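We did not get these values from a lab; they are worked out from the coordinates using the rules stated. All values reported here derive from a predicted model rather than from experimental measurement. Virtual Cβ from ideal backbone geometry, glycine too; neighbours counted across all protein chains shown.
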């Protein structure tokens, strides 16, 4: 078979060469046709130019004719004769050009005829080549058929029948498998329809319920986000308010301390707040510090009892100013306990200064509960007590005469002024 294929390939190459040889005259005729067409176009252009020139001459003759008529009227016979001769000459030239034009047209007709004939020849030549090729192929096929051995063909037929039988068995098996798979698909389809029915029954209006639940979830998320933002804003506002109020309290404490404290060992006191915990669980630890030459120290364990009591009173006053502007009442219960005489005198002097500092405030009231008569005497001598209340059977306290008033306590047995 390979030899036959090689032979067929050689024969095809020979046929291609013959076709190429047959197409060579066609290409030559095409080239000749193109050359003739170019020459024809050149001649047509030349004739067109001559015709244009003749038209110009005719226009000139018409102009001359008009001049002749005028000349005739003016009786110039000799000029008219020359003009007629010129006209006859131009007519002769025009006839010659028409003859040339007719000759060129005849040449064009002959060239067109040759082109048509050459086209028919080319078609005939192609048909002949194609017919020869087909005849040759038919001969080759017939020769190939004749060369085949009948025994080989019978063997090939038996091989084909065996392959066909195997393929047929495979097809039958595939058909059986297809039927089985088809049955399984039908069963699955029925189960799917049953599940769809159950879903429609058990999940009725599921899309609407899902949408409603989704809306609730989204609204809850938005509300939680808004609440979180509000909580953060509120926390920031509280922190800012706390900071401002602590600054205000410390400013008031510094002012009152400088106005009342007589010593030089402490320049001022303030409250320090230490933050503990994170943003979700924040706590504050407050401590009182004293300053000396811009150095801060905790007052706990470093101050006297009098300083501690004065600091306590000042802190209460500062807190009252900052957080109780409409209710500026300060009560001191036994402020002189655990104080010696010097500290009691210093505390009394400090309270006098504080009262004088706050006397102009309409909402300021100071209530002192004490059993220390000397302490009360110090305050009365300073003129800062308008009234006093005495409960129980105590000895009279010598000093300024102050009016007395009942306080309405059940345990009060005797109320009387100073002697």
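Which value in nm describes the separation of the simple spin-label points at residue 251 and residue 207, placed 7 Å from the Cα toward the beta carbon?
Here the answer is 6.6 nm between the modelled labels.
Work out, step by step, the length gained on full extension between residue 58 and residue 367: first 0.36 nm times the residue separation, then minus their alpha carbon distance; give nm to one decimal.
96.8 nm
Can you compute the modelled spin-label distance between residue 66 and residue 262, with each label point 7 Å from Cα toward Cβ, in nm?
About 14.5 nm separates the two model spin labels.
Taking the Cβ-Cβ separation of residue 159 and residue 132 as r and a Förster radius of 35 Å, what is the calculated FRET efficiency to the nearest 0.05? Before the final figure, lay out the partial values.
Numbers: r = 37 Å, r/R0 = 1.07.
The calculated FRET efficiency here is 0.40.
Provide the FRET efficiency to the nearest 0.05 for the residue 302-residue 232 pair, computing r from the beta carbons and using R0 = 56 Å.
Between residue 302 and residue 232 the formula returns 0.90.
Sorted by average packing, counted as other Cβ atoms within 10 angstrom per residue and highest first, what order do 364-370, 91-97, 188-194 take? Please list the in-between numbers first.
Details: 364-370: 14.6, 91-97: 12.3, 188-194: 10.0.
Going from most to least packed, we get 364-370, 91-97, 188-194.
Pop a pseudo-label 7 angstrom from the Cα along the beta-carbon direction at both residue 341 and residue 215 and give the gap in nm to one decimal.
With each label placed 7 Å out from Cα toward Cβ, I get 8.6 nm.
Considering only DSSP beta bridges where both residues belong to the stretch 233-381, give the percentage that are antiparallel (nearest 5).
70 percent
Would you mind getting me the FRET efficiency between residue 46 and residue 85? Use the beta-carbon distance for r and R0 = 30 Å, nearest 0.05.
0.60
Suppose the chain between residue 175 and residue 316 were pulled fully straight at 0.36 nm per residue; how much longer would it get relative to their current alpha carbon spacing?
40.6 nm
For residue 224 and residue 281 in one chain, what is 0.36 nm times their gap in residues minus the Cα-Cα distance, to one decimal in nm?
Result: 18.7 nm gained on full extension.
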